[in-house]
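The values are calculated or read from the model by the stated rules, or taken from the named source; none is laboratory data. Only a predicted model underlies this, so the values are computations on that prediction, with no experimental measurement involved. Note that each Cβ is placed from the backbone with ideal geometry, even for glycine, and that neighbours are counted across all protein chains shown. Each accessible area value is taken on the protein alone, full model and side chains, heavy atoms only, with ligands, DNA and RNA left out. Shrake-Rupley method; radii C 1.70, N 1.55, O 1.52, S 1.80 Å.
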Amino acid sequence: VMHARLKPMGHRFSYRVMSLLIDLDRLDDADRQSPLFGVNRAALYSFHERDHGSRDGSSLRAYAQRCATEHDIDLSGGRVLLLCYPRLFGYTFNPLSVYFCYRASGELALMIYEVRNTFGEIHPYVLPVKPADVSHAGVRQSQDKLFHVSPFIEMAMRYHFRVLPPQEQVKLRILETDGSGPLLAATFSGHRRA
C-alpha cells in the first residue's frame, strides 16, 4: 500500500499488508480451509459479513446483487469477489473494500468501492463497468466524492479509480483531485497466494 499527499506539501509512505480476496459464493468452503481462519466466527484470522455491506450480518452476495439490480445488472451465475482486510484477533479496519462483480459470462459488470472513515461510518460507491471503462491497462472509473473521510481533505473532490482486476495480481489506484488538480494518490498492489 502506498499513500502520497501531493499538495500543499508532498508526503509519501508505503507499507506491506496482507489482504483477503474472498469469493462470496464460497464462504462455507473458505470456513473449512484452515482451523486458523473462520467465516462469521472467531478465529486467529476471520472474515465477518457484518463488517461490510449493510453491516447487519446478512448475505453480502445478496447485497451485491441488490446494488447491481439498482443499475439493471444481473449477476445471476456470476462471481462476486471481495478484496478486504481480514480480522486479526477479532480486529480489523478496512478503509477501502472492493467488490468485483461478474456476469455469468465472466465479464466484469460492476465495481463497489466501500469506503470507511475513522468514525466507523461506511459509504459504497457503486459503479457499473461500461465498455469505455475497460482497456488492456484495466478498468478506469471516476466518481465525485460524496462521503466525508478525513478532516484534512475537503468534500469538493473527485475520485479517479484505476483497477487491474484480480488474476495473479490485483492493483488499485485512487487519485483524488480538486479543481486545481491531484491532491492525494493511494495505491494497492497484491500478488495471489493460496
Taking every other residue with Cβ under 11 Å from the Cβ of Val126 and scoring Lys and Arg +1, Asp and Glu -1, one gets -1
Place a point 7 Å from the Cα of Arg193 in the direction of its beta carbon; the residues of the range 13-38 whose amide N falls under 11 Å from it are 17-19
For the chain, the per residue accessible area (1.4 Å probe, Å²) is 56 Å²
Pop out the Kirkwood hydrodynamic radius of the range 124-181 from its pairwise C-alpha distances, inverse of mean 1/r, in Å to one decimal.
12.7 Å
For the range 82-187: rounded, prolate or oblate by the Cα gyration tensor [a/c cutoff 1.5]
oblate
Give me the percent of the accessible area of the range 106-165 that comes from carbon and sulfur atoms, probe 1.4 Å, all protein chains in place.
60 percent
Which translational diffusion coefficient, to the nearest whole µm²/s, is obtained for the chain from the Stokes-Einstein equation, given a Kirkwood hydrodynamic radius over C-alpha pairs, 4 °C and 1.567 mPa s?
74 µm²/s
Set of the range 151-190 residues, backbone N closer than 18 Å to the point 7 Å along the Cα-Cβ line of Lys130:
158-163
For the chain, percent of DSSP beta bridges that are antiparallel (nearest 5) comes out at 95 percent
Subtracting the Cα-Cα distance from 0.36 nm times the residue separation, let me have the gained length for Glu121 to Glu168 in nm, one decimal.
13.7 nm
Once you have a ≥ b ≥ c as the square roots of the Cα gyration tensor eigenvalues for the range 16-102, tell me rounded if a/c is under 1.5, and otherwise prolate or oblate according to whether a/b is larger than b/c.
prolate
When the accessible area of the range 13-69 is split by element with a 1.4 Å probe, what percent falls to carbon and sulfur?
50 percent
Sorting check: for 40-50, 6-16, which peptide has the highest mean count of neighbouring beta carbons within 10 Å, and how do the rest follow?
40-50, 6-16
As a check on your grasp of the helix formula, calculate [θ] at 222 nm for the chain: sum -39500 (n - 2.57) over DSSP H runs of n ≥ 4, divide by the residue count, round to the nearest 500.
-2000 deg cm²/dmol
Restricting to Cα pairs under 8 Å and 6 or more apart, the percent relative contact order of the range 98-194 works out to 16 percent
